[in-house]
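The values are calculated or read from the model by the stated rules, or taken from the named source; none is laboratory data. Just so we're clear, the structure is a prediction, and the values are computed from it rather than from any experiment. Glycine gets a Cβ as well: all are built from the backbone with ideal geometry, and neighbour counts include every protein chain shown. Surface accessibility is based on the protein's heavy atoms, side chains included, excluding ligands, DNA and RNA. Shrake-Rupley method; radii C 1.70, N 1.55, O 1.52, S 1.80 Å.
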Amino acid sequence: EDKVVQSPLSLVVHEGDTVTLNCSYEVTNFRSLLWYKQEKKAPTFLFMLTSSGIEKKSGRLSSILDKKELFSILNITATQTGDSAIYLCAVLIQGAQKLVFGQGTRLTINP
Amino acid sequence: DTAVSQTPKYLVTQMGNDKSIKCEQNLGHDTMYWYKQDSKKFLKIMFSYNNKELIINETVPNRFSPKSPDKAHLNLHINSLELGDSAVYFCASSQEWGLAGAETQYFGPGTRLLVL
């Protein structure tokens, strides 16, 4: 069965800290890995990673994929209270053409 | 303007009732999806429609029946509601079916269903 596991499940840090969120996967036919940010409502897209070792960056957020070790990390530097959210990782399965999600990491940034 | 909208936002109902959740997208997309997010925050796909045709039907009880009257709408009807149906249901849409579509989905705001 296709599986995506995120860690930690919950993380509380102070504003200004740097955090690293982890996503590991075991799937039958990997196509790409996606990161989403979910605040109170709908998940919003952050990154899509298809190739190993190529870092994607957007402001203070960055992410990288390791297809050999089957994981990805999402880094957030100089965290702000607005970064508080659930961060979801999902893997797109080729063939089945569907997204399999992890359970998310709940990140809380305290002022 | 809301790209993907769902109604209602909240739904509280008794076990055994039948209820519907509506989803509409104004993006002109061809593909729409329903996801269920349980209390542990796992988001799982339930159904996918492309041009009003059912494409993905995961292992979902047949009490759940999606209906797509046109490409812009995908409604979810649930019969004989059970306690375990309590969750947040997200609708999503994408321009294309298949791998490209799955990678670029827009999610609705969710409908929080509570079955008592």
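Data table
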quantity	calculated
Within the stretch B:58-71, tally of residues that are touching a residue at least 12 places away in the same chain (Cβ under 8 Å), within 13 Å of the chain's Cα centre (by Cα) and more than 14 Å from chain A (Cβ to nearest Cβ)	4
Any hit, the stretch B:85-101, residues being at pLDDT below 90, closer than 22 Å to A:Thr44 by Cα, among the aliphatic types (A, V, I, L, M) and more than 12 Å from the chain's Cα centre (by Cα)	yes
Hits in the stretch B:29-53 (condition: more than 11 Å from the chain's Cα centre (by Cα) and free of Cβ contacts under 8 Å to residues at least 60 places away in the same chain)	B:Asp38, B:Ser39, B:Lys40, B:Lys41, B:Phe42, B:Leu43, B:Asn50, B:Asn51, B:Lys52, B:Glu53
In the stretch A:62-82, the residues that are over 16 Å from A:Gly16 (Cα atoms) and touching a Gly at 6+ places or on another chain (Cβ under 9 Å)	A:Ile64, A:Leu65, A:Asp66, A:Lys67
Enumerated strands (runs of 3 or more DSSP E) restricted to the stretch B:2-116, each holding at least 2 residues that are open to solvent by less than 10 Å² (accessible area, probe 1.4 Å) and among the aromatic types (Phe, Trp, Tyr)	B:31-37, B:87-94
Unique residue being small (Gly, Ala, Ser), within 9 Å of another protein chain (Cβ to nearest Cβ) and either more than 21 Å from A:Lys98 (Cα to Cα) or out of contact with any helix residue (DSSP H, G or I) (no Cβ under 9 Å at 6 or more places or on another chain) (or both) when the list is B:Gly101, B:Gly16	B:Gly101
Close pairs from the stretch B:8-24: first more than 19 Å from B:Ser80 (Cβ to Cβ) and in contact (Cβ under 8 Å) with a residue 60 or more places away in the chain, partner among the small types (Gly, Ala, Ser) and open to solvent by less than 40 Å² (accessible area, probe 1.4 Å), Cβ under 7 Å, at least 6 apart	B:Cys23/B:Gly108
Matching strands (runs of 3 or more DSSP E) fully within the stretch A:23-97 where at least 2 residues are within 30 Å of B:Tyr10 (Cα to Cα) and either open to solvent by 10 Å² or more (accessible area, probe 1.4 Å) or within 9 Å of chain B (Cβ to nearest Cβ) (or both)	A:30-38, A:43-49, A:85-93
Selection status of A:Lys3, modelled with pLDDT under 95 and closer than 17 Å to A:Thr81 by Cβ	no
The stretch A:50-67 residues that are over 20 Å from A:Gln6 (Cα atoms), paired with ones that are at pLDDT 95 or above and surrounded by 12 or more Cβ atoms within 10 Å (Cβ to Cβ) (beta carbon under 6 Å, 6 or more apart)	A:Arg60/A:Ile76; A:Arg60/A:Thr77
Those residues of the stretch B:34-57 which are among the small types (Gly, Ala, Ser) and within 8 Å of chain A (Cβ to nearest Cβ), in sequence order	B:Ser48
All positions within the stretch A:98-111 that are open to solvent by less than 30 Å² (accessible area, probe 1.4 Å) and either under 13 Å from the mean Cα position of the chain (by Cα) or within 7 Å of another protein chain (Cβ to nearest Cβ) (or both)	A:Leu99, A:Val100, A:Phe101, A:Gly102, A:Gly104, A:Thr105, A:Leu107
